[in-house]
Amino acid sequence: MNPRRTETARPGSDVVILGAGPAGLVLANLLHQSGIDCVVLERASREHVETRARAGYLAPETVRILERHGLADGLRARGREHDVCEFRTPEGRFRLRYGGLGRGEPHTVYPQQSLVSDLIAEFTAAGGRIAFETEARSVTGVDGDRPTVLTHDLDGRPTQWPASYVAGCDGRHGAARRAIPAADARRRHSDHGVSWLAVLVAAPASMDAVGYAVHREGFAGHMSRGPETTRYYLQCDRGTATDSWSEDRIWSALAHRLRADEYGPLREGPVLERGIVHLESDVLRPLRHGSLFLVGDAASLVSPSAAKGANLAVLEAEILAQALAAAVLRGDPRPLLRYSDRCLSHIWRAQEFSHWMIRLLHAPTAPQESSGFHDSLRYARLESLRTSRSHQDWFAENYVGL
Ligand code: RFL
């Protein structure tokens, strides 16, 4: 227990954190640095979370947060700055060097699993506690001042983890969300009606830009994840099974939609991973329920169309860490009272831009929008983006911003 805390010391931890993703691990590191006792409970094994490939594009604000707290050594050593994207359309292609537009800031390309590995290494080296293969089954007592998390280990052995606060960083399907009675939360949900086959391949990037192909057969995307790996996306029908996409079918659809015969061949390699992502958005309000706080994907799901999810997770973790420090160390509950509203303003900005990207990259799926009118609008939007400097500045600011 931290000797500086203002409350009476009680058994258990000050904060129990569910989930060892970017949200939970940034929060854990920041609390530990402040001298607040916390423990991270993670359902999966350490190996699993350290190899789970997901995000790759870190916003400048994310890098600043990690630098501010001494958590950026890995990404500074191995991350790469990136600041150009290319749109390929039936009318041709154009590039936006967004690092020279808007606020003039680039992304940093650094795989999420490398960031997660760095954050685990920092936390455990500093004496932090993570219980892997420990699944939270329930969170009870959040309306009182002694919430408790019940976990099961791999053998089904139950353990109770009492705390003063619980941080739900366990994603959209975790135990934290389930602990909130439906009547106490307003849920805003949108299914955008679009699905992507997301593939990770062992091959260098095929171009020196993030590639967005707008094609009558559906969207295709290209994003570098490092010198040896590249992520590609292919819009696919809802209900498609991943195994219906052979490697040959994937490469020929990518080459066709990215117009490789016109703009240069793709650098092919073995497919390491494939999965279907449904483009959905989901926001819960409020993000605080008594002593339980939702962070990252547990708070809001942003479709990956604009690469915001991991960045929001880091930002929210910093906001919560500072608010918990004020409450635990100085007895000041006011920042905790503002946590939900502060995060929601960032979340809705990110949702708005992601939604704009979805409408730009995909043909309308709603029956009332399929007359061709809305499709023509998106080509007008692309043309505006190609030619209007103020539109480009707006895009750049939102593309890398939070
Ligand atoms: P995470 O990373 O899902 O971590 C949650 C952790 O909680 C654990 N867990 C539990 N632990 C204990 N008890 C339980 N009951 C539990 N239930 C779950 C899980 O095992 C897991 O370890 O959530 P977090 O920390 O909120 O981070 C969110 C990000 O992971 C996510 O938003 C991003 O990956 C989204 N995303 C992207 N975001 C970006 O900012 N930039 C990108 O370029 C980007 N690309 C992507 C993406 C997501 C993708 N997929 C797979 C949807 C690309 C893809 C393909």
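The values are calculated or read from the model by the stated rules, or taken from the named source; none is laboratory data. Since we're looking at a predicted model, the values are computed, not measured. Cβ atoms come from the backbone with ideal geometry, glycine included; neighbour counts cover every protein chain shown. Accessible surface is based on the protein model in full, side chains and every heavy atom, while ligands, DNA and RNA are left aside. Shrake-Rupley method; radii C 1.70, N 1.55, O 1.52, S 1.80 Å.
When its C-alpha radius of gyration is set against 2.2 N^0.38 Å (N residues), segment 1-115 gives a value of 1.43.
Phi angles of segment 192-201 translate, via the Karplus equation with coefficients 6.51, -1.76, 1.60 and θ = phi - 60°, into HN-Hα couplings of 7, x, 10, 10, 10, 8, 9, 10, 10, 10 Hz per residue; Gly and Pro are given as x. Take 183-189, 330-336, 102-108 and order them by the average number of nearby Cβ atoms within 10 Å per residue, most first; the result is 102-108, 330-336, 183-189.
How many percent of Cα pairs in the chain exceed 34 Å? For the chain, the fraction of Cα-Cα distances above 34 Å is 31 percent.
Over all other residues within a Cβ to Cβ distance under 12 Å of Arg95, the charged ones net out to +1, with Lys and Arg as +1 and Asp and Glu as -1.
Computing FRET efficiency as 1/(1 + (r/R0)^6) for Arg186 and Asp261, where r is the C-beta to C-beta distance and R0 is 60 Å, gives about 0.75. Segment 286-363 and segment 229-254 have their alpha-carbon centroids 31 Å apart. Test of understanding: extend the Cα→C-beta vector of Glu217 to 7 Å, then name every residue of segment 160-198 with backbone N under 18 Å from that spot. Under 18 Å, as judged by backbone N against the label point of Glu217, lie 195-198 of segment 160-198. If R0 is 25 Å, what FRET efficiency do you get for Asp248 and Asp208 from their C-beta distance, rounded to 0.05? Plugging the Cβ-Cβ distance into 1/(1 + (r/R0)^6) gives 0.45.
Just how far, in whole angstrom, is segment 17-79 from segment 114-149 if you go by their alpha carbon centroids? Between the Cα centre of segment 114-149 and that of segment 17-79, the gap is 12 Å. Surface composition of segment 102-202: carbon and sulfur make up 48 percent of the accessible area, probe 1.4 Å. Database remark: amide H of Leu272 closer than 5 angstrom to the amide H of Leu200, Val201, Ala202 (H placed geometrically; neighbours at sequence offset of 5 or more, or on other chains; Pro and chain starts carry no H). Checking the a/c ratio against 1.5 first, then a/b against b/c, what shape does the Cα gyration tensor give for segment 236-326? In terms of gyration-tensor shape, prolate. Residues of segment 361-402 with amide nitrogen under 20 Å from the 7 Å Cα-to-Cβ point of Gln322? Correct set: 401-402.
Rolling a 1.4 Å probe over the protein heavy atoms gives segment 155-250 an accessible area of 44 Å² per residue. Distances between every pair of Cα atoms in segment 330-402, grouped in 5 Å steps from 0 to the bin holding the largest one, split as 3, 13, 17, 17, 14, 12, 8, 5, 5, 3, 2, 1 percent. The sum of -39500 (n - 2.57) across all DSSP H runs of n ≥ 4, divided by the residue count of the chain, sets its helix-only mean residue ellipticity at 222 nm to -11000 deg cm²/dmol.
Per-residue extension of 0.36 nm, minus the Cα-Cα distance of Glu383 and Glu280, leaves a gain of 34.4 nm for this segment. Subtracting the Cα-Cα distance from 0.36 nm times the residue separation, let me have the gained length for Trp394 to Trp356 in nm, one decimal. That pair, Trp394 and Trp356, stretches by 12.5 nm at full extension.
Round to a whole number: what % of the accessible area of segment 214-323 belongs to carbon and sulfur, probe 1.4 Å? Answer for segment 214-323: carbon and sulfur cover 48 percent of the accessible area. Rounded if a/c is under 1.5, else prolate if a/b is larger than b/c, else oblate: which is segment 105-199, with a ≥ b ≥ c the root eigenvalues of its Cα gyration tensor? Oblate shape, in that a/c is at least 1.5 and b/c is the bigger or equal ratio.
Under a 5 Å amide H cut-off, with hydrogens placed 1.01 Å from N, Cys236 pairs with Ser195, Trp196, Leu197 among residues at least 5 apart or on other chains.
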